1. Somewhere in the stretch 113-134, is a residue over 26 Å from G15 (Cα atoms), in a loop (DSSP other than H, G, I, E, B) and not charged (D, E, K, R)?
2. Would you kindly identify the strands (runs of 3 or more DSSP E) lying entirely within the stretch 1-112 that contain at least 1 residues that are open to solvent by less than 100 Å² (accessible area, probe 1.4 Å) and at pLDDT 90 or above?
3. Keeping to the stretch 116-129, report how many residues are closer than 24 Å to Q82 by Cα and either surrounded by fewer than 19 Cβ atoms within 10 Å (Cβ to Cβ) or in contact with an Asp or Glu (Cβ under 7 Å, 6 or more places away or on another chain) (or both).
Amino acid sequence: GEKNRTDGRRSAYVGLRSQVLADKLASYGVIAQKTGNQQAKKGLDKSPEFWKGYIDGNGSIGKDKSGSPILSVLGSKAIVRQFSKFSKSLTGKDFTVSKSGNLYQIKLGGEAAEKVLRKVYGKPGAALSRKLKAVRHILRR
């Protein structure tokens, strides 16, 4: 289907009814009303491909006023902490998880953001086109 959003942009959606599909998604932790409770299953929390999908849906990629890369991720406390650990494994740095409304957020900047983006988006594969475009712009400089 198609919807007009309140911000004037259009969006599309797909609705499916399949218990087999719902059960498979649930086995990966994708369930209804998961906001605030989501957490990556053991093993997925170390997967760059998992984090690419998560950033595509719950992340922001851009540059600050000086042109330095910024990567921001929003979600439950548990999943943002998992992303913090994943990022630390790549950069050796600790990151602050902060409250943002009723969710949590982590922001990476500069070289740390670049390292994580390079690892997560460096291999060919499916990605949200606007996020991939932002990453390519950042890594090209």
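1. yes
2. Of the strands (runs of 3 or more DSSP E) lying wholly inside the stretch 1-112, those with at least 1 residues that are open to solvent by less than 100 Å² (accessible area, probe 1.4 Å) and at pLDDT 90 or above span 59-63, 69-75, 97-100, 103-109.
3. 9
The values are calculated or read from the model by the stated rules, or taken from the named source; none is laboratory data. The structure presented is a predicted model; accordingly, all values stated were derived computationally and were not measured. Here the Cβ is made from the backbone with ideal geometry for all residues, glycine too, and neighbour counts use every protein chain on show. For the accessible areas, the whole protein counts, side chains as well, though only heavy atoms, and no ligand, DNA or RNA atoms are used. Shrake-Rupley method; radii C 1.70, N 1.55, O 1.52, S 1.80 Å.
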